[in-house]
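The values are calculated or read from the model by the stated rules, or taken from the named source; none is laboratory data. The model shown is predicted, which means the values in this text are computed figures rather than measured ones. Neighbour counts are summed over all protein chains in view; Cβ atoms, including those assigned to glycine, are modelled from backbone coordinates with ideal geometry. Quick note on the areas: whole protein, heavy atoms, side chains included, nothing else; ligands and nucleic acids left out. Shrake-Rupley method; radii C 1.70, N 1.55, O 1.52, S 1.80 Å.
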2 protein chains.
Amino acid sequence: MQEREAWLALNMVPHVGPASFALLLGHFGTARRVLKAPLRALERISSIGPATAKAIRSFPAEETITREQKRMVARGLRFLTLRDAEYPALLREIHQPPPVLYIRGSWTDADRRAVAIVGSRDATPYGRGVADRLACDLAVRGLTIVSGLARGIDAAAHRGALRAGGRTIAVFGSGADIIYPSEHRKLAEGIAQRGALLSEFPLGTNPHPGNFPQRNRLISGLCVGVIVVEAAVDSGALITANHALEQGREVFAVPGMARGRLSQGCHRLIKAGAKLTERWEDVMEELGVQAPSLQETVQQLPPVEGEECRVLSLLGEEPVHIDVLIAASKLPVPVVAASLLSLEMKGWVRQLSGKTFVRLHEG
Amino acid sequence: MQEREAWLALNMVPHVGPASFALLLGHFGTARRVLKAPLRALERISSIGPATAKAIRSFPAEETITREQKRMVARGLRFLTLRDAEYPALLREIHQPPPVLYIRGSWTDADRRAVAIVGSRDATPYGRGVADRLACDLAVRGLTIVSGLARGIDAAAHRGALRAGGRTIAVFGSGADIIYPSEHRKLAEGIAQRGALLSEFPLGTNPHPGNFPQRNRLISGLCVGVIVVEAAVDSGALITANHALEQGREVFAVPGMARGRLSQGCHRLIKAGAKLTERWEDVMEELGVQAPSLQETVQQLPPVEGEECRVLSLLGEEPVHIDVLIAASKLPVPVVAASLLSLEMKGWVRQLSGKTFVRLHEG
């Protein structure tokens, strides 16, 4: 058994979480040695209870990882350990990072600039609209949108990012092979194509309510900032925001009506110092590092020529349908289509779904 | 001519505003001497232009104040000068306070705890509802509500305070005899009965748009804090908020939907440090001095006895109709009515309009 496989196995042992995993690794040096250690040596470690020691000793590591790897291959999954270079750098920095991440899809360099958009499952149409729009606007500008695949705000955020043709990542409170809620199976498929599905839990782990607070620290841990859209005062989104603060990440909150139940959590965050967020500019501005690099991009864009100017001048950050552009520009259809294609290739505009277009840069 | 009358006269001279009034008074010692000063002496004062000097010299003071005072008596108006003990103490502290205030109604000691509620003329139903509710909740707790009698938020604030049976003050951008907009004549009547109509402008002054920014400094100047409810980014309410900051008063802003045009001003204020305000507690908390005195009141309230307990337990901060109380308490009608009367006299509840009741204190 290779050391990477031993990590996978140790992560599957009942009672072994990130804290005890780190403790055991510190003590024995490698996961392989942990799995082979005599019961007495395991029991001697303080904070490792006799139940955990027994669980490790009696764990059928070889056969379990063989089975787990077969299932991973069947599902298009692979795994990363904390020791792998590909492991998300920001996540590595948090307190007790997950030793093993199951992943379907890709984790790329671009995902270092990720923001989470989280909020209520029973969001209002207003909240879902804001989440979708923020995700779209940020994804179109190169930010990866991280969320939890839940109903409501989470789903709207993933969909907004997909609509923008951007990257988005869903972090599970279950095994990466168990899509929850099941009605989001198609959405999860789309996310896997344009980003990744991530989980720290072994395959087959059910979406137990107790998993979600633990999962939430991962959502914030992967990101430079967390945006909360609609959250009751006792919601999981506020737990994620708290994790973000502890991890030194930015917290953003979208306001709503003064006495709206789902605005209370966001308003409480704003009172406590979270950045009031109305639109993508609020996020880009606060993250700072991103804004200049975007500026540079603008300066490096190929110039706009001929009819493209007229088409570009009709575009703004609100999506505009191609028929509207044709009518307003008074240009022939092929000219508008060619201009849009050229503008998109030059990086000035982005085509969204439904033949609508947004402008990405001023100037 | 008495010195008080000379103040009234000098305040009526064209071109003489609060700044030149103070300058002239500093130079000549009394308003009477200013009005009698030779043209040359007036012209010698720097910052007093020749036009202003001529206007003072040629001003028919005696006959003008005779006419003005007759009109004031006819309208039930009187005036206060900066030298009068009754002049609002907080207003005295601002930069260039108005030398003369026309007043209809009363300015009482209770009005030292005044807050302004201001906002857009074309407010949404949401904004008007929040303004009305905040005004009612704060007025019921003894705060005086100051606003500008405009359509939208202003009118909702005055009405909320009146509904609570509280005190409210309208500050005019016209002469105190000119109700603007005229459709608020009845509202102004109600305000004069339960508070005051105030203006620094001579009678007959039309509501010229240029008067309102000047008027706005008075609204904030009279108050310990200014609450902005729905304001576009270029609105007069933001001018009032700026005055409040310059005058060292608290600024509160009510949030709204992320991209609502009338939320932009409030969100900008919150980003700049204004207190996000959802409900009356946010205001009382921030003003601090008020909260303890309210607490003391609670401790001094006469105890609740017998059937009163059952009735009080059914009341909260949301107004409840007496029929609902009768049904829910299962007590005879006269017992409920007597309990409510007793509770109101003891200071535990307040009757609002429409036979509804709110509870004022916990515990």
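Some values worked out for this structure:
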quantity	calculated
Index of the failed condition, B:Arg279 passing every other in (1) open to solvent by 10 Å² or more (accessible area, probe 1.4 Å); (2) more than 8 Å from chain A (Cβ to nearest Cβ)	(2)
Only one of B:Gly221, B:Gly210 that is small (Gly, Ala, Ser), open to solvent by 30 Å² or more (accessible area, probe 1.4 Å) and out of contact with any Ser or Thr (no Cβ under 6 Å at 6 or more places or on another chain)	B:Gly210
Qualifying position, being in contact with a Lys or Arg (Cβ under 9 Å, 6 or more places away or on another chain) and not small (Gly, Ala, Ser), among B:Leu222, B:Leu218, B:Leu197	B:Leu197
Qualifying residue in region B:283-291 (condition: within 14 Å of chain A (Cβ to nearest Cβ), in a strand (DSSP E or B) and modelled with pLDDT of 85 or more)	no
Odd one out for A:Glu86, checked against (1) away from chain B (no Cβ under 14 Å); (2) open to solvent by less than 60 Å² (accessible area, probe 1.4 Å); (3) in contact with a strand residue (DSSP E or B) (Cβ under 7 Å, 6 or more places away or on another chain); (4) over 19 Å from A:Asn211 (Cα atoms)	(2)
Matching entry among B:Leu314, B:Leu301 (being touching a Gly at 6+ places or on another chain (Cβ under 7 Å) and either open to solvent by less than 30 Å² (accessible area, probe 1.4 Å) or under 25 Å from B:Ala135 (Cβ atoms) (or both))	B:Leu301
Odd one out for B:Leu325 among (1) over 23 Å from B:Val229 (Cα atoms); (2) modelled with pLDDT under 90	(2)
Leading residue by the ranking (least open to solvent (accessible area, probe 1.4 Å)) among those in region A:224-240 that are without any contact (Cβ under 8 Å) to a residue 40 or more places away in the chain and touching a helix residue (DSSP H, G or I) at 6+ places or on another chain (Cβ under 6 Å)	A:Leu238
Flag if A:Ala241 is closer than 25 Å to A:Met12 by Cα and of a type outside the set (Asp, Glu)	no
Yes/no for B:His267 being modelled with pLDDT of 90 or more and farther than 30 Å from A:Asp132 by Cα	no
Per-region count, region A:320-361, residues more than 25 Å from A:Arg133 (Cβ to Cβ), surrounded by 18 or more Cβ atoms within 10 Å (Cβ to Cβ) and of a type in the set (Lys, Arg)	0
Those residues of region B:232-276 which are of a type outside the set (D, E, K, R), within 14 Å of chain A (Cβ to nearest Cβ) and assigned to a helix (DSSP H, G or I), in sequence order	B:Leu262, B:Ser263, B:Gln264, B:Gly265, B:Cys266, B:His267, B:Leu269, B:Ile270
Matching residues, region A:260-281, being polar (S, T, N, Q) and under 20 Å from the mean Cα position of the chain (by Cα)	A:Thr277
Top-ranked residue of region B:43-64 - restricted to ones that are small (Gly, Ala, Ser) and part of a loop (DSSP other than H, G, I, E, B), ranked as least open to solvent (accessible area, probe 1.4 Å)	B:Gly49
Residue tally, condition modelled with pLDDT of 95 or more and part of a loop (DSSP other than H, G, I, E, B), over region B:202-231	12
Candidate set from region A:18-35 (those that are more than 23 Å from A:Thr66 (Cβ to Cβ) and in contact (Cβ under 8 Å) with a residue 24 or more places away in the chain); member that is surrounded by the fewest Cβ atoms within 10 Å (Cβ to Cβ)	A:Ala19
Every residue from region B:125-183 that is at positive phi and touching a strand residue (DSSP E or B) at 6+ places or on another chain (Cβ under 6 Å)	B:Leu149
Lone unmet requirement of (1) assigned to a helix (DSSP H, G or I); (2) modelled with pLDDT under 95; (3) more than 23 Å from B:Arg215 (Cα to Cα) for B:Met1	(1)
